[in-house]
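**Q** Once you've had a glance at the structure underneath, I'll fire off some questions.
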Amino acid sequence: MHQITGKSMIGLSLALTTAILWGMLPIALKVLLDVLTANTITAVRFFAAAVMVGLWLWLSGKLPKLRLLLSKKAGSLMIIAVLGLLSNYIMYLSGLNYLSAETGQVVIQLAPFLMMLGGVVIFKEQLLLWQKVGAFSLVAGLLLFFNERLVQLLQYAGSETLGVLLVIAAAVTWAAYALAQKQLLMHYSSKQIMYLLYVAGTVAFIPVSDFSPL
């Protein structure tokens, strides 16, 4: 269904950069949630990204051709990607309402792990030994992080339990989005895909946002 390019070091550097930015994100979001709703924050993020990527594509003459979405395969994949990413944004923010930034950041690490599993199952990708070791380390790290708290979360369901469940759901929907986006690369470039997703997110969240605190 999809062949990797073989440029593993470029992919690794981009993934590491993303991980660093993800580490900074929940701290900023926790502060913003004191004055803005989750819908408003999400709408602003999508709108800003849509403007920046849209300008980039327009200046380079590479705006996506919407007619490609009329095909059943591309259209279905785009729907999955849109619903997955929008759900991820709002559920992650909602989960942070009940969790500390560090807890939310640890739990959301399930997202790339689930994407990896999807790559193995759906795209028939082969994991190297060091990748298997990394996956095992991630799962072990999650279990060690929660340790005694895991029993409390299960026995005494409260706001923290709800927060963890929301972030886990956000990880699942992000993995669905990422796998759909990976296959959409057969039809669009990565920037074109993200532009379409950002526009869809802007349209979806602006009507339910409150911009007065800005």
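**Q** Grab the other residues whose beta carbon is less than 14 angstrom from that of Leu57, score K and R as +1, D and E as -1, and report the net.
**A** Charge balance near Leu57 sits at +3.
**Q** Debye calculation, C-alpha points only, no solvent: report log10 I(q)/I(0) for region 60-122 at q = 0.22, 0.26 Å⁻¹, in the same order as the q values.
**A** -0.98, -1.09
**Q** Roughly speaking, to the nearest percent, how much of region 49-148's 1.4 Å accessible area is carbon and sulfur?
**A** Of the solvent-accessible surface of region 49-148, carbon and sulfur hold 72 percent.
**Q** Please state the charge dipole magnitude for the chain, taken about the Cα centre, from unit charges on C-beta atoms (+1 on K and R, -1 on D and E), reported in debye and rounded to the nearest 20.
**A** The dipole of the chain has a size of about 980 debye.
**Q** Where in region 160-188 is the amide nitrogen less than 20 Å from a point lying 7 Å along the Cα-to-Cβ axis of Val120?
**A** 171-180, 182-183
**Q** Further, regarding this structure: May I ask you to evaluate 6.51 cos²θ - 1.76 cosθ + 1.60, the Karplus curve with θ = phi - 60°, for each residue of region 38-54 and list the ³J(HN,Hα) values in order in whole Hz, giving x for glycine and proline?
**A** 4, 4, 5, 4, 5, 4, 5, 4, 5, 5, 4, 5, 4, 5, 5, 5, x
**Q** Right, another one. Near Lys182, which lysines are there with a Cα under 17 Å away, not counting those fewer than 8 places off in the same chain?
**A** Candidates past the 8-residue exclusion: Lys7, Lys72, Lys73, Lys124, Lys191.
**Q** Given the protein chains as shown and a 1.4 Å probe, how many square angstrom of Leu165 are accessible, to the nearest 10?
**A** Counting only protein heavy atoms, Leu165 exposes about 100 Å² to solvent.
**Q** Go through Lys7, Lys72 and list them by solvent-accessible area, largest first, probe radius 1.4 Å.
**A** Lys72, Lys7
The values are calculated or read from the model by the stated rules, or taken from the named source; none is laboratory data. Quantities reported herein were computed from a predicted structural model and do not represent experimental measurements. Heads up, the Cβs are rebuilt from the backbone with ideal geometry, glycines too, and the neighbour counts pull from every protein chain shown. These accessible areas exclude ligands, DNA and RNA; they are computed on the full protein's heavy atoms, side chains included. Shrake-Rupley method; radii C 1.70, N 1.55, O 1.52, S 1.80 Å.
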